[in-house]
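Read through the structure below, which is laid out as structure tokens, and then see the notes.
The values are calculated or read from the model by the stated rules, or taken from the named source; none is laboratory data. Since the model is a prediction, treat every value here as computed from it, not as a measurement. Cβ atoms come from the backbone with ideal geometry, glycine included; neighbour counts cover every protein chain shown.
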Amino acid sequence: MAYAHQASFRTAESPHNALQAGQPAPDFSLPDADMETVDLAQFRGKKNLVLYFYPKDGTPSCTLQATDFSDHEDEFARFDCVVIGVSPDDCLCHADFRDQNGVSIRLLADTEGETCRKYGVIHEKEAGGEKKSCITRSTFIIDKQGTVRHALYGVQPRGHAAEVLNLVKSLRQ
């Protein structure tokens with residue numbers, strides 16, 4: 001499994017437990033905004049997957065990222081790819097965020113942070129003498145076999161959907 005020529009890894013925080021291109025994507029099973037369970041296994045052998053993690057529904061950067069991915073959803077579909085967002089917000093918060101902003105991609109609720117930990121996107125931040133868990137904005141491109149092809153940590157929302165679409169286009173069909 002040599003993906004070196006297609007592998008990418010970028011980080012602002014260099015998480016110590018970061019996933020690398022070529023590793024199997026960790027399994028997950030999470031509810032979406034409509035409380036329907038979505039798991040990695042349902043895409044295996046069928047679709048490529050863009051799984052992106054973001055801190056919180058309703059913030060300007062998270063809204064920009066979700067609407068940008070939604071605007072490009074048809075283009076991702078042409079490359080046999082589904083885009084899914086994950087945050088610690090609950091299903092009801094996701095539903096409100098989706099409905100208020102015209103977000104068409106699925107948003108998954110990882111309220112316990114288990115999937116965020118598996119993907120290495122949680123980091124500790126200290127503010128006012130208190131430690132707090134935060135999400136590093138990150139994106140994973142997972143191929144049909146369930147292998148991480150690209151792991152992008154510390155991404156900037158503006159233009160990110162187009163950047164990810166170009167990486168998806170580079171996957172072998």
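With respect to the conditions (1) touching a Pro at 6+ places or on another chain (Cβ under 7 Å); (2) modelled with pLDDT under 95, T11 falls short on a single one, namely (1). Could you say whether any residue in the stretch 14-37 is β-branched (V, I, T), in contact with an Asp or Glu (Cβ under 9 Å, 6 or more places away or on another chain), more than 18 Å from L165 (Cα to Cα) and at pLDDT 95 or above? Looking for residues that are β-branched (V, I, T), in contact with an Asp or Glu (Cβ under 9 Å, 6 or more places away or on another chain), more than 18 Å from L165 (Cα to Cα) and at pLDDT 95 or above, one finds none in the stretch 14-37, hence no.
Against the conditions (1) crowded, with 17+ Cβ neighbours inside 10 Å; (2) over 12 Å from F53 (Cβ atoms), A151 satisfies every one except (2). Selection of the stretch 97-110 for residues being on the phi < 0 side of the Ramachandran plot and surrounded by fewer than 15 Cβ atoms within 10 Å (Cβ to Cβ) yields D99, Q100, S104.
In the condition set (1) among the β-branched types (V, I, T); (2) closer than 17 Å to A151 by Cβ; (3) surrounded by fewer than 18 Cβ atoms within 10 Å (Cβ to Cβ), T59 is compliant with all but (2). Does the stretch 33-55 include one or more residues that are in a helix (DSSP H, G or I), closer than 17 Å to E114 by Cα, of a type outside the set (K, R) and under 13 Å from the mean Cα position of the chain (by Cα)? Looking for residues that are in a helix (DSSP H, G or I), closer than 17 Å to E114 by Cα, of a type outside the set (K, R) and under 13 Å from the mean Cα position of the chain (by Cα), one finds at least one in the stretch 33-55, hence yes.
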